[in-house]
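The values are calculated or read from the model by the stated rules, or taken from the named source; none is laboratory data. Given the structure is predicted, the values throughout are model-derived calculations rather than measurements. Counting neighbours? That spans all protein chains shown, and the Cβs are built from the backbone with ideal geometry, glycine included.
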Amino acid sequence: MDIGGTKMVAGVVDATGRILSAARVATPPSDDGEIIFAALAAVIGQARSSTAVTPAICGVGCGGPMGAGGETVSPLNIRGWREFPLRSRLAEVAGMSVVVDNDAKALALGEGWLGAAQGVSDYLAMVVSTGVGGGIVLDGRLLEGSHDNAGHIGHVVVEPDGRPCACGAYGCLEAETSGPSIAAATGHPASEAPDTVRRRTGTMVGRAVASVANLLDLELAVVAGSVALGFGTVFFEAAQEEIELRCRLEFSRSTRIVPAGLGADGPLIGAAAVGRRSVLTEEA
């Protein structure tokens with residue numbers, strides 16, 4: 001399952017990463033957490049009824065922040081869920097083991113498994129969409145952090161006197177580059193943004209990536225999400241230019257930013273990768 005502020009997607013994915021069935025629903029813009037969960041439960045049923053395969057485990061990628069192990073989630077872009085007990089509630093509905101992680105960390109696992117980061121041991125994976133999140137793989141391991149929230153690049157400050165962020169700070173990458181933030185600043189949906197806005201968005205993302213690359217000795221950033229992929233070449237060229245301007249240490253000068261290799265399927269395959277990792281860990 002991929003759970004975000006705009007949509008929720010459930011699917012059945014096999015061990016090779018092939019999507020056997022999928023169903024989606026718009027995330028209800030409600031303050032009632034039960035209304036949101038009811039929509040999620042319904043879409044799970046739709047996905048499972050479309051295939052005869054019985055899943056072995058339920059992997060979930062959800063917007064954060066969240067408590068350790070995804071026991072509770074408080075996505076900034078799902079206002080009806082604050083300390084919502086997602087993992088246990090899903091286990092009741094799904095009737096199987098459930099593993100929950102941040103959606104961008106899930107993307108990082110998926111891109112390393114089947115996407116643009118295959119064979120790479122050190123990289124950053126990002127989502128620039130309704131929200132902005134990230135997952136970091138270092139020395140071949142996904143970084144977790146004290147509360148399983150490592151990689152929250154969306155809250156790196158890129159404009160010290162910038163726009164207010166839902167987290168309470170100002171000038172966070174998410175406040176400057178997410179779809180809702182762009183719409184609020186321009187008065188139009190992000191999909192209608194002119195090239196000046198697309199370039200600025202890429203520049204802000206490149207600035208954050210450069211900081212992470214300089215800090216952690218990374219050479220690759222893989223980016224997904226409707227804003228980044230929708231803005232396309234203009235976005236990625238601006239981001240790369242900013243990285244080259246900011247990454248001046250010898251080890252970081254070769255840092256690249258590229259589109260995610262899994263495209264629109266990335267979030268769901270990433271969620272499957274969360275479940276897959278759990279199964280492989282138990283078998284080891």
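Quick notes
- Checked against (1) on the phi < 0 side of the Ramachandran plot; (2) crowded, with 22+ Cβ neighbours inside 10 Å; (3) not charged (D, E, K, R), Gly225 meets all criteria but (1).
Conditions (1) in contact with a Pro (Cβ under 9 Å, 6 or more places away or on another chain); (2) farther than 28 Å from Gly119 by Cβ, marked per residue:
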{"site": "Gly145", "(1), (2)": "no, no"}
{"site": "His152", "(1), (2)": "yes, no"}
{"site": "Glu159", "(1), (2)": "no, yes"}
{"site": "Arg163", "(1), (2)": "no, yes"}
{"site": "Ala175", "(1), (2)": "yes, yes"}
{"site": "Ser178", "(1), (2)": "no, yes"}
{"site": "Pro189", "(1), (2)": "no, yes"}
{"site": "Ala193", "(1), (2)": "no, yes"}
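- Note on the range 46-62: residues that are under 12 Å from Met1 (Cβ atoms) and small (Gly, Ala, Ser) amount to 3.
- Yes/no for Ala175 being in a helix (DSSP H, G or I) and either touching a residue at least 60 places away in the same chain (Cβ under 8 Å) or surrounded by 18 or more Cβ atoms within 10 Å (Cβ to Cβ) (or both): yes
- Just one of the listed residues (Arg87, Arg48, Arg82) is modelled with pLDDT under 95 and not aromatic (Phe, Trp, Tyr), namely Arg48.
- Residue tally, condition small (Gly, Ala, Ser), touching a helix residue (DSSP H, G or I) at 6+ places or on another chain (Cβ under 6 Å) and within 28 Å of Ala183 (Cα to Cα), over the range 231-260: 3
- Checking each residue in the range 225-284 for being not small (Gly, Ala, Ser) and not in a helix (DSSP H, G or I) picks out Cys247, Arg248, Leu249, Glu250, Phe251, Arg253, Thr255, Arg256, Ile257, Val258, Pro259, Leu262.
- Enumeration of residues in the range 31-88 that are in contact (Cβ under 8 Å) with a residue 40 or more places away in the chain, over 29 Å from Asp14 (Cβ atoms) and either of a type in the set (Lys, Arg) or surrounded by 15 or more Cβ atoms within 10 Å (Cβ to Cβ) (or both): Gly33, Pro65, Gly67, Leu76, Asn77, Arg79, Gly80, Trp81, Arg82, Phe84
- Residues in the range 236-265 that are β-branched (Val, Ile, Thr) and crowded, with 19+ Cβ neighbours inside 10 Å: Ile243, Thr255, Ile257.
- Answer from Gly119, Gly162 - the residue that is farther than 16 Å from Val205 by Cβ and either over 16 Å from the mean Cα position of the chain (by Cα) or in a helix (DSSP H, G or I) (or both): Gly119
- Some residue of the range 183-196 being touching a residue at least 12 places away in the same chain (Cβ under 8 Å), assigned by TED's automatic domain parsing to the domain that holds Thr255 and β-branched (Val, Ile, Thr): no
- For the range 222-281, the set of residues classified as without any contact (Cβ under 8 Å) to a residue 60 or more places away in the chain and charged (D, E, K, R) consists of Glu237, Glu241, Glu242, Glu244, Arg246, Arg248, Glu250, Arg253, Arg256, listed by residue number.
- So Leu268, is it over 19 Å from Ala116 (Cβ atoms) and either surrounded by 18 or more Cβ atoms within 10 Å (Cβ to Cβ) or among the aliphatic types (A, V, I, L, M) (or both): no
- Scanning the range 122-145 turns up at least one residue that is closer than 30 Å to Ser88 by Cβ, modelled with pLDDT of 95 or more and in contact with a Phe, Trp or Tyr (Cβ under 8 Å, 6 or more places away or on another chain).
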